């Protein structure tokens, strides 16, 4: 049998293809088959026991079959309780990862605020930078704004760095040099935290479609997939630029 995807004979996409994150939450749904499956766990064995009793007339067959027939349903019930607990804990882990990113973002805002105030007393700093800092300090970070805050921070730091470059005496200032180093460190930490966050999101998106237990629980709870972090349009365009 030939390979379904054959990189030798093609077809090959010579143009390449850009990768984009689809920002859509998919609901978890189960059909009638899942309901039949759950009902069958409770009634199949007792029904067989009833048939056996009718054939043999042995009451013991009915009693043992009736009691034992409930066991699969009870076991599956406990499995659903465990699955619900697992998904709730995973959801808290995702929130913890998101909170860690927010903490790093807030630290960057604070560093930018401190160093901009220091530089502004020495030179006539671009007013757009001051407005950006003021807006960031008064803002609240959430799932919808997290990427925007990061982009604004990057833009503000880039403008700030360009102006500092024009003043050698500021570049030599220990507090400014330390702040820029901290900013670089926090950028790396944010990247690492996003990797962990995306890993948790991928785990969630996979687990909620794990049939039967987790998928049934997720559908009953109304869970949906989560959207992983995606780079902004500006960052993607910058990544395609020529650096050298």
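I need the calculated FRET efficiency for the pair residue 235 and residue 74, taking r as the beta carbon distance and R₀ as 35 Å, to the nearest 0.05.
Working: r = 52 Å, r/R0 = 1.49.
With R0 = 35 Å, the Cβ-Cβ based efficiency is 0.10.
Mind giving me the nanometre distance, one decimal, between the label points for residue 9 and residue 174, set 7 Å out from Cα along Cα→Cβ?
7.1 nm
Let me know the whole percent of all Cα-Cα pairs from segment 1-79 that are separated by more than 18 Å. List each step's numbers first, then the result.
Working: 2084 of 3081 pairs.
In whole percent, the share of Cα-Cα pairs in segment 1-79 beyond 18 Å is 68.
Sort 59, 215 by Cβ crowding within 10 Å, fewest neighbours at the top. Numbers along the way, then the final one.
Working: 59 9, 215 19.
Ascending Cβ contact count within 10 Å gives the list 59, 215.
Using 1/(1 + (r/R0)^6) with R0 = 25 angstrom and r between the beta carbons of residue 18 and residue 189, what's the FRET efficiency to the nearest 0.05? Could the numbers behind the result be given before it?
Values: r = 27 Å, r/R0 = 1.09.
According to the calculation, E is roughly 0.35.
So for 42, 204, fewest C-beta neighbours within 10 Å to most, what's the order?
Details: 42 17, 204 20.
The fewest-first ordering by Cβ neighbours comes to 42, 204.
Give the order of 150, 6 when sorted by the count of other beta carbons within 10 angstrom, beginning with the fewest. Walk me through the intermediate numbers first.
Working: 150 22, 6 10.
Sorted ascending by nearby Cβ count, the order is 6, 150.
Any read-out appearing in this document is the output of simple, stated calculations on the displayed coordinates, not a laboratory observation. Keep in mind the model is a prediction, meaning the values are calculated, not measured. Positions of Cβ are backbone-derived with ideal geometry, glycine not excepted, and every protein chain shown enters the neighbour counts.
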